[in-house]
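Encoded as structure tokens, the structure appears first; notes follow it.
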């Protein structure tokens, strides 16, 4: 299944997170919106709402604590997501499979254990 997304209901999205134009003149989705779309596969949350924005943020940060930052700064260095970036994207929808909070927590715990075991060996 291909990952699909919808940003049309994100308030002031184009003003706050404008698309970029690459060297070939092609318009590309901005890095922040693009990464929030892709990281939805990790969070298992299909839509960012005012009710779940903090949970989306928490899940991203938990995963970043295991794997490092997914987002990049202007210099291409990895950084962590901000709560403001998540709340700025309320209305973003994707077609990812929903993951319960318990399942997500279990996945992160397993990833942490595997990372520690790799470091020990």
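The values are calculated or read from the model by the stated rules, or taken from the named source; none is laboratory data. Just so you know, these numbers come straight off a predicted model, no measurement behind them. Ideal geometry is used to build each Cβ from the backbone, glycine not excepted, and the neighbour counts take in all protein chains shown.
Descriptive notes on the structure:
- Failed item in (1) closer than 24 Å to residue 2 by Cβ; (2) in contact (Cβ under 8 Å) with a residue 12 or more places away in the chain, with residue 85 passing the rest: (1)
- Enumeration of residues in segment 1-38 that are without any contact (Cβ under 8 Å) to a residue 12 or more places away in the chain and in contact with a strand residue (DSSP E or B) (Cβ under 6 Å, 6 or more places away or on another chain): 19, 20, 21, 22, 27, 28
- Qualifying helices (runs of 4 or more DSSP H) (wholly inside segment 15-121; at least 3 residues being loosely packed, with under 14 Cβ neighbours inside 10 Å and modelled with pLDDT under 95): 101-120
- Within the option set 71, 57, being closer than 26 Å to residue 30 by Cα, touching a helix residue (DSSP H, G or I) at 6+ places or on another chain (Cβ under 6 Å) and in contact (Cβ under 8 Å) with a residue 40 or more places away in the chain holds for one residue only, 71.
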